Amino acid sequence: MSETPDAELEDRVIQWLDGRTDALSESLRELVDAPSGPHERDGQRACLELLVRRWRRIGFRTEILEAAAGLGHLVAHRPAEVPDAPKVLLLGHLDTVFDQSAGFVGMHRVGEWLAGPGVADMKGGLVVARAVVESLLVAGQAGAIDWTLLVTSDEEIGSPTSRSIVERTAAGRDLVLCFEPGRSGFAVVDGRAGVAAFSVAFHGRAAHAGVDPERGRNAIVAAAAFAVEVGSIADAGQGTLVSVGTISGGSKRNVVPELCRLELDARAQSAAEAERVVAAVQALASDVGARHEVRAEVRGGFHRPPWPRDPHGPHAHFAAVAKDLGMPLPAVTTGGGSDANLAASAGAPTLDGLGPVGFGMHSTEERIERHTLVERAKLIALALLRFRPQPHPEA
């Protein structure tokens, strides 16, 4: 996977990136100033247009793929200038967790921290990705790679309109780099749990609670029994988690409730566990429904497949480069999902958590270590200079 380093080339890359922390910080501020929460279509479009301009300036052909609900996804490509070049996908998203109504807006600096919506998750990663390509362009090496960039607009809501785009774009790539935030200790992510969302509804029968309650079938009581019992599906030893997130039902205090709905979150570390969880949720809902004489309805399932750690994956190559740079590069697996799950499921060697080191994601405490914008770019640029795809098994 690696070739002998070219010290002169690597020095050129490092020298160009050194001292660019301020420039990358300002580049990030521009992106953060375009609010792109889940319902902010105007801000998302502003982000898309800004990214289009930036990537065109460094030789990428760009296209916005229109999707349902006014969403759009950016695909960009810069072909290689040499034969048999590695095919690399840079993967990210521009949507953030909070709309402006949450009061969490704009980027500000606190000492050596940058704080604001998306600085870590994951506009900071988009800035790093471009810095990587630009540094190789300055060194005359960008043409040695066949580049594809994919930036989606719906990752934070489960990638409902971009899942198939991610899968087909990742298929056949020699390497997928996902720019979700780095973790404490400069760690990257080399495995993620599969993520499921279930909606479980119990349909009972309404009746007057004081006159003829025996005619009713209480959907809330059935749902409550299900909520208590569903935790037994979890398996801590396997890393399998099941959690009831919301429950709602009933219409009036004096009416036996005819409907109650629960929303579940589940995480699984393997395909086998994901299949078991789906079957167990359906079986338990059916059993509870029969016991309480109500009808159970289960919808949903795993929208992000498990991405198990691959001991032969790209982390070892990146860790070797990090060691030469005097950096640690531990790898972690996490219960959180990302589009890297989808890329890995398409069979592409994948590494995630390559954005700046972040903290407080999915909260109004979101922030990054400012200096890691440059440190991440150095690591990735040098790793790509040394990268050679592993031969396919049939070769």
- Being touching a helix residue (DSSP H, G or I) at 6+ places or on another chain (Cβ under 6 Å) and more than 20 Å from ARG276 (Cβ to Cβ) is the filter; apply it to the range 222-235 and report the residue that is surrounded by the most Cβ atoms within 10 Å (Cβ to Cβ). ALA222
- Note on the structure: Considering residues that are within 21 Å of THR152 (Cα to Cα), in a strand (DSSP E or B) and not hydrophobic (A, V, I, L, M, F, W, C), the number found within the range 303-351 is 3
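What residue, of GLY172, GLY143, is surrounded by fewer than 18 Cβ atoms within 10 Å (Cβ to Cβ), more than 28 Å from GLU8 (Cα to Cα) and among the small types (Gly, Ala, Ser)?
On the way: GLY143 fails: more than 28 Å from GLU8 (Cα to Cα).
Matching residue, one of GLY172, GLY143: GLY172.
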- Message: Exactly one condition in (1) surrounded by fewer than 20 Cβ atoms within 10 Å (Cβ to Cβ); (2) farther than 20 Å from ALA7 by Cβ; (3) among the basic types (Lys, Arg) is false for ARG376; which is it?
- Response: (1)
- Working only within the range 16-69, note down all residues that are of a type in the set (Lys, Arg) and under 25 Å from PRO160 (Cβ atoms). ARG41, ARG45
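Does PRO35 count as within 28 Å of PRO349 (Cα to Cα) and in contact (Cβ under 8 Å) with a residue 60 or more places away in the chain?
Details: within 28 Å of PRO349 (Cα to Cα): no; in contact (Cβ under 8 Å) with a residue 60 or more places away in the chain: yes.
So PRO35 fails the test.
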- Message: Cβ contacts < 8 Å: first residue in the same structural domain as THR350 (by TED's automatic domain parsing), restricted to the range 306-323; second residue among the basic types (Lys, Arg) and assigned to a helix (DSSP H, G or I), any location; separation 6+ or different chain. Result?
- Response: HIS317/ARG386; VAL321/ARG386
- Query: Which of the residues belonging to the range 251-269 are out of contact with any Phe, Trp or Tyr (no Cβ under 9 Å at 6 or more places or on another chain) and surrounded by fewer than 17 Cβ atoms within 10 Å (Cβ to Cβ)?
  - Reply: SER251, LYS252, ARG253, ASN254, VAL255
- Message: So in the range 66-88, with the set limited to residues that are buried (at least 16 other Cβ atoms within 10 Å of the Cβ) and of a type in the set (A, V, I, L, M, F, W, C), which one is farthest from CYS47 (Cα to Cα)?
- Response: ALA85
- Item | Any pair with Cβ under 7 angstrom, 6 or more apart, that starts in the range 244-255 at a residue that is assigned by TED's automatic domain parsing to the domain that holds GLY204 and modelled with pLDDT of 95 or more and ends at one that is surrounded by 16 or more Cβ atoms within 10 Å (Cβ to Cβ) and among the small types (Gly, Ala, Ser) | VAL244/ALA227; ILE247/ALA223; ILE247/ALA227; GLY249/ALA219; GLY249/ALA223; VAL255/ALA206
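Does the range 281-297 hold any residues that are in contact (Cβ under 8 Å) with a residue 40 or more places away in the chain and surrounded by fewer than 19 Cβ atoms within 10 Å (Cβ to Cβ), and which are they? Quick ask: steps written out before the conclusion?
Let us first name the residues in the range 281-297 that are in contact (Cβ under 8 Å) with a residue 40 or more places away in the chain, namely 281, 284-285, 288-289, 291-297.
Selection gives ARG291, GLU293, ARG295, GLU297.
Could you list, in sequence order, the residues of the range 99-126 that are touching a strand residue (DSSP E or B) at 6+ places or on another chain (Cβ under 8 Å), buried (at least 24 other Cβ atoms within 10 Å of the Cβ) and not hydrophobic (A, V, I, L, M, F, W, C)? Reasoning before the result, please.
Taking the range 99-126 as the starting set, the residues that turn out to be touching a strand residue (DSSP E or B) at 6+ places or on another chain (Cβ under 8 Å) are 107-110, 112-116, 119-122, 124-126.
Filter again for buried (at least 24 other Cβ atoms within 10 Å of the Cβ), leaving 114, 116, 119-122, 124-126.
Of everything in the range 99-126, those that are touching a strand residue (DSSP E or B) at 6+ places or on another chain (Cβ under 8 Å), buried (at least 24 other Cβ atoms within 10 Å of the Cβ) and not hydrophobic (A, V, I, L, M, F, W, C) turn out to be GLY116, ASP121, GLY124, GLY125.
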- Task: Could you please find all residues in the range 43-65 being in contact with a Gly (Cβ under 8 Å, 6 or more places away or on another chain) and within 22 Å of GLU134 (Cα to Cα)?
- Result: LEU48, ILE64
- Item | Residue check, SER25 of a type in the set (Ser, Thr, Tyr), on the phi < 0 side of the Ramachandran plot, crowded, with 19+ Cβ neighbours inside 10 Å and out of contact with any strand residue (DSSP E or B) (no Cβ under 8 Å at 6 or more places or on another chain) | no
- Message: Out of everything in the range 185-214 that is touching a residue at least 40 places away in the same chain (Cβ under 8 Å) and part of a helix (DSSP H, G or I), what residue ends up being surrounded by the most Cβ atoms within 10 Å (Cβ to Cβ)?
- Response: PHE186
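The values are calculated or read from the model by the stated rules, or taken from the named source; none is laboratory data. Bear in mind the structure is a predicted one, so any value in this text is a computation, not a measurement. Virtual Cβ from ideal backbone geometry, glycine too; neighbours counted across all protein chains shown.
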